[in-house]
Each structure stands twice: as structure tokens, then as C-alpha cells.
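Reading through the C-alpha cells given below for one structure.
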Amino acid sequence: MPFRAERGMIDIGDFLTSRKGRNGMAEDFVALMQAIAPEMAEAMARRAMVLTAIAESAPVGRRQLALRLNLAEREVRADVEKLRDAGLITLDKAGMNPTPNASRWLESARSFARQTQGLTALETALMQVLPVKTVFVAPGDADADARVLSDVGRLAAQGVRQLLHSGSTLAVTGGSTIAATAHAMQSSAPMNVMVVPAQGGFGREMETQANTLAAEIAQRLGGHHRLLHLPDHMDEQAKQEMLRLPEIRETMERIQRADIILHGIGCAQETMSRLPVEQVRLLTKKGAVGESFGAYYDRDGQCLLKSSGVCVDLARLTPDCRMIAVAAGAKKAEAIISVLRHDSHTLLVTDEGAAKQMLAILKTNTGCSSDTEA
């Protein structure tokens, strides 16, 4: 994708992924295109999205791709023809696949698409107002389109892979967002990693239990795993009895030494249904909005109720343990803010709906303006 200038040729792909590009010049270039050639910027952004989606879902058919990107099938067909003519994809009975030549452009295509969609701006805005080092935002809103959860899971899996190294221990919770992350996890070669559940899991559906997801992630990475056969909730006496068992004690020790914690976030009003009525009344009165690891938090991040189950003790994690939160849907915005305010995180993976709603909430609470439209 060369762009001719008076002094020679500028390679857009190299520019977008260069040091200067990452420091802001790429964003300026995208803004310039949108200002002086909006039709060109729109076409390039759409083709970049199509190429990226084909690479992530290959082999994939046109109709399936159109549904995933929420585009008209005729638009996808036109873009596919252009990408095929450019030698970037192939098309056969099994579906579309990227060519070896496409690998050169994938990173810059992904970057260009995200910038024109405004996702990069959302990520930057959230990092400025929340205690989190990095934010990944997937397009769409999982509350309106369940397929968005797959994109959130894909981004989360990429984030986990970037942090994992040989000898790492990864602790994971249960839930639908972590399940989407597990399904998207992949490794080109077996990894010497240990995956453990960060909590008990008999209280939820089998396919989204922490044990099930820990085993799946370990299998997909070619690593090892341990299981924790305990319910989500149990009284203190029973919990102490179970912790005396050697296999339970060993797994709990591994959990506390975890290098990475991967967890979901729940809306308090939805997850409180598992609690006794008196606790529900108390949490409602105190303004609980978020839940994670079975603990409940108010809007300021204050813990209102600690977990009654066997799970990781966040206060006893190693100093260099990295926390990754994954949650999607605008309705979870307040819950995400509450959990992140209680514990700083290395990475937050969310979607566009939640990101915009979080910025709107934070803007209202602080009375400050933002460069990003909520």
C-alpha cells in the first residue's frame, strides 16, 4: 500500500507500525485521511477489517464474515474481490484464507482499522482514568450482539499469550468471558506453563467452571494443569477441613504463587442471586455494583463482602503477579470500574459498549471533559 509523495515513496504499513506511528503520527495520518478523503479512509478501513477478520477466522465464508462484521454481504463480496486481486487472500470451497503475502500487512491493517473505528482512542482514554496499564477494546457491544464476546475472547487470549513465558503459572476463574478466552487460546508450539483454577467451581455450569477452562487452556497451550474440586461457596469450618487435604493444599499454593491471574467481572445484581437473602439485602443497601472472585464492591472499589468460597487471596499474591480482567457489555461498565478501583490491573479487555459507558460514567462523576465521545 505505497503512497507517493514528492520526495519518494512512503510505505503506509511500515509507517503505521513504526516508532513514530505508535507515538501519534499514525493517528494524525488517519485523521488527515478522514478529513480530506473520507471515502478513501472508509474503504481502506473496511478492507482492513475484512482482511484482519479473514486471518483470525480462516477458513471463513463470505456470509459468515458479513455476519461477524455486521456488513452487507455485497460489501464484503466487493472487498474480498479487491483483496484477492491484490494477492492477499485465496478463495476456495472451504472458504477464504490469507496468503503468505498478507502476513506483512496484518499488523498495519489491524492498527489502521482500530484507529478509524475509534478503538485506539477509547483504549487511551480508559488508561488515563482507570488504574490499568493496558486496555484492549473490541468493536461492538456484547449486550446487543453475543458474537462480540468471541472478539473480546480473542483479544484477551492474545494479551495472555504476550505475558506468558516458560515456567509461568496462570490462574483462571470461570464465566462466559473467560470461556471465550479459552476457546481462542492457541500456541504454535507446546509451552511449559501451569494452568490452575483460581476458584472452586461446582456452583456453575460445567462448561464455564474454572476447572474446565483451566484444563482447556492448558490443552490448547500444550501445558499442564491442576484441578480444584470444591464448590463456589462453603462455610468456614468446611473450608478449613478441605484445605487440610494435600491435593487441595498443593493447588492452593500454586494459585497463590501465580504469575498471571485471568478473571471475569460480574454485575452484582445478577450474581447476588446465589447468596442468602439477608446478604443480598445488605449488599443492595450498601450499593454493591461489581463482583469478582465471589467478592462484592461498591462504586468506589470498596469491598463490601469477601468470598465465602475457596479462591485466590488477592492480598497474598506475589508483588509481580499480573492481573488481567475480561468483561464485556455496556451493562457491566459500573462493575468493571468498581473492581479495577479495588485492585490495579496490568490489562483490561472489554468491548466498545462497555468502554463508552465507562467513560460516560467517569465523566459524570468527575465533571471533567474528555476528548473521546462517550
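The values are calculated or read from the model by the stated rules, or taken from the named source; none is laboratory data. Because the structure is predicted, anything quoted here is derived from the model rather than measured. Quick reminder, even Gly has a Cβ in these numbers, built from the backbone with ideal geometry, and neighbours come from all protein chains shown.
Which one of these is touching a Cys at 6+ places or on another chain (Cβ under 7 Å) and not charged (D, E, K, R): 288, 295, 268?
That would be 295, the only listed residue that is touching a Cys at 6+ places or on another chain (Cβ under 7 Å) and not charged (D, E, K, R).
Mind listing just one residue for me: the one in the range 263-313 that is of a type in the set (Ser, Thr, Tyr) and under 23 Å from the mean Cα position of the chain (by Cα) and, of those, nearest to residue 196 (Cα to Cα)?
292
Within the range 30-41, take every residue that is closer than 18 Å to residue 121 by Cβ and touching a helix residue (DSSP H, G or I) at 6+ places or on another chain (Cβ under 8 Å) and give me the one that is modelled with the lowest pLDDT.
The extreme case among them is 30.
What is the one condition in (1) closer than 22 Å to residue 107 by Cβ; (2) in contact (Cβ under 8 Å) with a residue 60 or more places away in the chain; (3) not polar (S, T, N, Q) that residue 171 does not satisfy?
(1)
Having 2 or more residues that are buried (at least 16 other Cβ atoms within 10 Å of the Cβ) and touching a residue at least 60 places away in the same chain (Cβ under 8 Å) is the bar; report the helices (runs of 4 or more DSSP H) wholly within the range 231-333 that clear it.
Passing ranges, in order: 236-243, 246-256.
Among the residues of the range 222-237, is any out of contact with any Asp or Glu (no Cβ under 6 Å at 6 or more places or on another chain), over 16 Å from residue 312 (Cβ atoms), modelled with pLDDT of 90 or more and among the charged types (D, E, K, R)?
No, the range 222-237 contains no residue that is out of contact with any Asp or Glu (no Cβ under 6 Å at 6 or more places or on another chain), over 16 Å from residue 312 (Cβ atoms), modelled with pLDDT of 90 or more and among the charged types (D, E, K, R).
Within the range 85-106, does at least one residue satisfy the condition of being surrounded by fewer than 22 Cβ atoms within 10 Å (Cβ to Cβ), touching a Pro at 6+ places or on another chain (Cβ under 9 Å), within 27 Å of residue 337 (Cβ to Cβ) and in contact (Cβ under 8 Å) with a residue 12 or more places away in the chain?
no
Would you point out which residue out of 148, 160 is surrounded by 21 or more Cβ atoms within 10 Å (Cβ to Cβ) and modelled with pLDDT of 95 or more?
Going through 148, 160 in turn, just one is surrounded by 21 or more Cβ atoms within 10 Å (Cβ to Cβ) and modelled with pLDDT of 95 or more: 160.
Might you check whether a residue that is in contact with a Pro (Cβ under 7 Å, 6 or more places away or on another chain) and surrounded by fewer than 20 Cβ atoms within 10 Å (Cβ to Cβ) occurs anywhere in the range 191-198?
No, because not a single residue in the range 191-198 is in contact with a Pro (Cβ under 7 Å, 6 or more places away or on another chain) and surrounded by fewer than 20 Cβ atoms within 10 Å (Cβ to Cβ).
Can you list the strands (runs of 3 or more DSSP E) found entirely within the range 70-184 that contain at least 1 residues being within 30 Å of residue 205 (Cα to Cα) and under 16 Å from the mean Cα position of the chain (by Cα)?
It comes to 132-138, 169-172.
Read through the list (1) crowded, with 19+ Cβ neighbours inside 10 Å; (2) closer than 30 Å to residue 344 by Cα; (3) touching a Ser or Thr at 6+ places or on another chain (Cβ under 8 Å); (4) at pLDDT below 95, then give the number of the only condition that residue 27 fails.
(1)
How many residues are in a strand (DSSP E or B) and charged (D, E, K, R) if we restrict to the range 334-361?
Here the count works out to 1.
More than 30 Å from residue 248 (Cβ to Cβ) and aliphatic (A, V, I, L, M): which single residue out of 148, 172 fits that description?
Every option except 148 fails the conditions.
Can you run down the residue pairs with Cβ atoms below 6 Å, 6 or more apart or on separate chains, where the first is in the range 334-349 and over 13 Å from residue 264 (Cβ atoms) and the partner is surrounded by fewer than 24 Cβ atoms within 10 Å (Cβ to Cβ) and charged (D, E, K, R)?
338/299; 346/133; 346/322
So is residue 125 at pLDDT 95 or above, buried (at least 22 other Cβ atoms within 10 Å of the Cβ) and closer than 14 Å to residue 178 by Cα or not?
In short, no.
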